[in-house]
Every structure is written in C-alpha cells, then in structure tokens.
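Peer 1: Have a look at the structure that comes next, please.
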Amino acid sequence: MNTINNRQWKVARSPAQGWPTDGDFILSTDIAPEPARNQLCTRTIYLSLDPYQWVRLRAGAEKKGDICHGRTVSQVTKSLVDGYQEGDLIFNTNGWQDYGLVGDGISVFDYMLPRKIDPALAPISTALGVLGMLGLTAYSGVYLQCQPQAGETVVVSAASGGVGQNAGQIAKIKGCRVIGITGSTEKCNFVTETLGFDAALNHRDEDFADQLRTACPDGIDIYFENVGGKVFEAVKPLLNRKARISLCGLISQYGNDDLGAMLESVHIQWKKSGESIFAKQEVSVHSLAVGNFVKDYQDQFLSEMGAWVKDGLIKYKEDLWQGLENAPEAFSTMLSGGNFGKTLVQISEDPTANELLQLRRDGNNVLE
Ligand SMILES: NC(=O)c1ccc[n+]([C@@H]2O[C@H](COP(=O)([O-])OP(=O)(O)OC[C@H]3O[C@@H](n4cnc5c(N)ncnc54)[C@H](OP(=O)(O)O)[C@@H]3O)[C@@H](O)[C@H]2O)c1
C-alpha cells in the first residue's frame, strides 16, 4: 500500500475577495493516490502560477476544499496507461499538490491536454512558459490577431512577465519597433538590454504618460494589453488609425470589488472607456482567449516558437520559487508585480537538471 505523503493546497474560501491573503489557502496532507486502470500517478516537478488562477478563485469557479488549480510539469511514478511508463515527463494539470492522477475519470479544468515532454528539445519547465500556454497566448495575440507589419510601433504592457516578454520578442522578430511597459527600472533594463526591445518605460513614474508619448512619435499601431488601468489611459490617445489591440488581460483590475462573474464586467468597462477613440480611429479590438487557439494553432506554434527558442531569437526568464509550501506567497507576489519573469514553483527534484545545466553551458537562452 502507498504511504507516500501528498501535500495539497486547498481553497479555503470561495469565492475569494480582493487580493489574495493567507486565509485564502489551506495546506493539508493526504496519501499519494494509486492509479486505476488507464490512469497515471505523477509527481509534480514544476507548478505554474498565473493571474487567471486568481480570477477563477474570485469567480468561485473553485469551491472550498478543492485542490487549487494549476498547470504542472510532472514525472510519471506509476502507469496503468498503454504508451506511458514510469519516469516519463509530462505536461499536466496536477494543481498545487505533490502527486496527482491523470487519465480516465479524472476531471480537471484545462483546455491544454496532457502531453509527453521531450527534455532534449528544451528545458522541461518551458512547457509551462515560452513553449506552453503563455507562449501560445503571446503568439495568438500579437501574431495571429494583430498581424504585425515591419516598421509598425507595438506597445506591450507587463512586458517582462510571462506573456509580455514573448509578445514583445515576437513583434521584434516581425520587424516592429517595440516599446515595453514594466513596473521597475530593473525590468525596463531587462527588456531593452536582454530581450532587445527598442525602449521601455516604468508605469510607476509620475510622468509616465508623457514618456510614452515621447517614445511613440509615430503613434501606436498595436497594443498588447495585459494590465488596463492607467497604462491603458496613457495608450488610448496615441492609438493610430486602424490600430489593433489584443485584449489579453487586465491584471490591475483583478482585485476589484466588482470583478463579478469572471472577467466579463471588467472587459465591458474597459471597452466602454475606449469606445469613442476606437470608433474615431477605426481601432480593431481583439479579445484574446488562448483556449480558442489551442486546437488549430498549437502545432504551428510549437514548431515556429520552438525554432525561435532553439535559434536564440526568443529568450525567456523564469522566476523560480522553491517548495510547495511557498506557493501562496509566490502567487501573491506575482499578482502584485514582485515577480521577474514567468512565475514557477519547483515542487520536487527535476530529473533533467543535468541536461538543463548542459543547455545553459551550450549558450542556450535560458536566463538565470
Ligand atoms: N487572454 C488569455 O488567454 C490569457 C492567457 C494568459 C495570461 N493572460 C493575461 O496576461 C497578463 C499577464 O499574465 P502573465 O502570466 O504573463 O503574468 P506576469 O506578467 O508574469 O505577472 C503579472 C505582472 O503584471 C504586472 N502588474 C501587476 N499589477 C499591475 C498594475 N496594477 N499595473 C500595471 N502592471 C501590473 C506586474 O508587472 P510590472 O512589475 O512590470 O508592473 C506583474 O509582474 C495577465 O493579465 C493575464 O491575466 C491572458
């Protein structure tokens, strides 16, 4: 009989209110589950922490006592599924726990389906970032929705974060002039010096709106919206005729009292606040839901983005925390802008650590 402990962070109140506090999560310990026929038991290696998880908690999509939702990279510890064996590395959705089951009868929220990961192609954590949902989000928004043309001016908010860093680099590959908006000088330096953006501005500066106007002398052709609020206010008057916006996220609003049922009301308010300018300038606003792009574009994305990553055209930075016990703190930190790069928590040993070191030694573009 299995006697391995399985620590689990569970939802302590639903729906959650405001911004996360300690009272929103509770840590408990169970016994690691045994797989039934057509199921795998997997050990969580990396857990992805993403803003949408807070939106789900705010919306009551997860109930009190549920294991907190989260995408993971895991290793199979026991397989009763043909084609999978112990040791295989997979992308799955274990949530905030040490061990989880995948397969028949196991239901989790996710439109990204479990898949095997080949550690020879890229570090396995990339399945949660640049080669996972975040990379696909940036690819879908900037590339597929906004169709950037060489020479256009592209502005990306939350530019050093998981989605933003990819969005800006894709626009650079397409020959655009890219301005990143971040929340610190260090992050601004990172996006210009390391990621190759043309300019970066700190949204916390008092004269931020004036700086943006100066940085965009020809106006803005594409805006990749991650945050809303005062950043969007500064962008609006600079939008060119026939500009395109990918409405990816509005993180500055995720603690609002009136978040309401999912994000709908926040999105409606955002659109309302811009509608006169959108009409005057014939701006196309594309609401982005990455789940709508998985079926038709995941293979194309993995092939194209995988090649850009392999060739060093796309670099990526991870903000790696250690230990499941620190997941709530890492989550709050990310939501308040304390992260620097894609937020991940390492839950257990990465068996590919040696290959990862080798990739770094070979000059791969994984940034420490
Ligand atoms: N549409 C979709 O399908 C989809 C999919 C994935 C993600 N998203 C959205 O994409 C956005 C970015 O997600 P991510 O996972 O890449 O997170 P992230 O950018 O790695 O982390 C969040 C960042 O948001 C910025 N931020 C937080 N509060 C802010 C505020 N009040 N004003 C301005 N910036 C603020 C902070 O950066 P600074 O320190 O630089 O301010 C923080 O580092 C989120 O809005 C998320 O909901 C949407």
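Peer 1: In this structure, does Glu152 turn out to be out of contact with any Pro (no Cβ under 8 Å at 6 or more places or on another chain) and more than 10 Å from the ligand (Cβ to nearest atom)?
Peer 2: Taking the combined requirement at face value, the residue satisfies it.
Peer 1: Restricting the search to the stretch 110-128, which residues are of a type outside the set (A, V, I, L, M, F, W, C) and more than 16 Å from Thr44 (Cα to Cα)?
Peer 2: Asp110, Tyr111, Asp118
Peer 1: Conditions first: (1) assigned to a loop (DSSP other than H, G, I, E, B); (2) within 25 Å of Ala167 (Cβ to Cβ). Gly87 passes all but one, so which condition is the exception?
Peer 2: For Gly87, the failing item is (2).
Peer 1: Would it be correct to say that Leu263 is within 16 Å of the ligand (Cβ to nearest atom), open to solvent by less than 60 Å² (accessible area, probe 1.4 Å) and at pLDDT below 90?
Peer 2: yes
Peer 1: Another question about this same structure. Check whether at least one residue in the stretch 9-18 is under 11 Å from Asp98 (Cα atoms), buried (at least 20 other Cβ atoms within 10 Å of the Cβ), touching a residue at least 12 places away in the same chain (Cβ under 8 Å) and touching an Asp or Glu at 6+ places or on another chain (Cβ under 7 Å), and report yes or no.
Peer 2: Among the residues of the stretch 9-18, not one is under 11 Å from Asp98 (Cα atoms), buried (at least 20 other Cβ atoms within 10 Å of the Cβ), touching a residue at least 12 places away in the same chain (Cβ under 8 Å) and touching an Asp or Glu at 6+ places or on another chain (Cβ under 7 Å), which makes the answer no.
Peer 1: Which one of Ala159, Ala127 is at pLDDT 95 or above, small (Gly, Ala, Ser), farther than 19 Å from Leu302 by Cβ and within 16 Å of the ligand (Cβ to nearest atom)?
Peer 2: When all the criteria are applied, what remains is Ala159.
Peer 1: I'd like to check something: does the stretch 174-181 contain any residue that is farther than 19 Å from Ile314 by Cβ and of a type outside the set (A, V, I, L, M)?
Peer 2: no
Yes/no matrix, rows are residues, columns are (1) free of Cβ contacts under 8 Å to residues at least 24 places away in the same chain; (2) of a type in the set (Val, Ile, Thr); (3) in a helix (DSSP H, G or I):
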position	(1), (2), (3)
Ser273	no, no, yes
Ser276	yes, no, yes
Lys295	yes, no, yes
Glu304	no, no, yes
Trp321	no, no, no
Pro328	no, no, yes
Thr333	yes, yes, yes
Pro351	no, no, no
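Peer 1: Only one of (1) out of contact with any Ser or Thr (no Cβ under 8 Å at 6 or more places or on another chain); (2) open to solvent by 40 Å² or more (accessible area, probe 1.4 Å); (3) charged (D, E, K, R) fails for Lys64. Which number is that?
Peer 2: It is condition (1) that Lys64 fails.
Peer 1: OK, next. Of the conditions (1) without any contact (Cβ under 8 Å) to a residue 24 or more places away in the chain; (2) under 27 Å from Ser140 (Cα atoms); (3) within 15 Å of the ligand (Cβ to nearest atom); (4) open to solvent by 30 Å² or more (accessible area, probe 1.4 Å), Leu201 satisfies every one except a single condition; which number is it?
Peer 2: (4)
Peer 1: In the stretch 204-228, which residues are open to solvent by 30 Å² or more (accessible area, probe 1.4 Å) and not charged (D, E, K, R)?
Peer 2: Ala209, Gln211, Thr214, Pro217
The values are calculated or read from the model by the stated rules, or taken from the named source; none is laboratory data. Predicted, not measured: the structure shown is a model, and the values here were computed from it. Note that each Cβ is placed from the backbone with ideal geometry, even for glycine, and that neighbours are counted across all protein chains shown. For accessibility, only protein heavy atoms count, side chains too; no ligands or nucleic acids. Shrake-Rupley method; radii C 1.70, N 1.55, O 1.52, S 1.80 Å.
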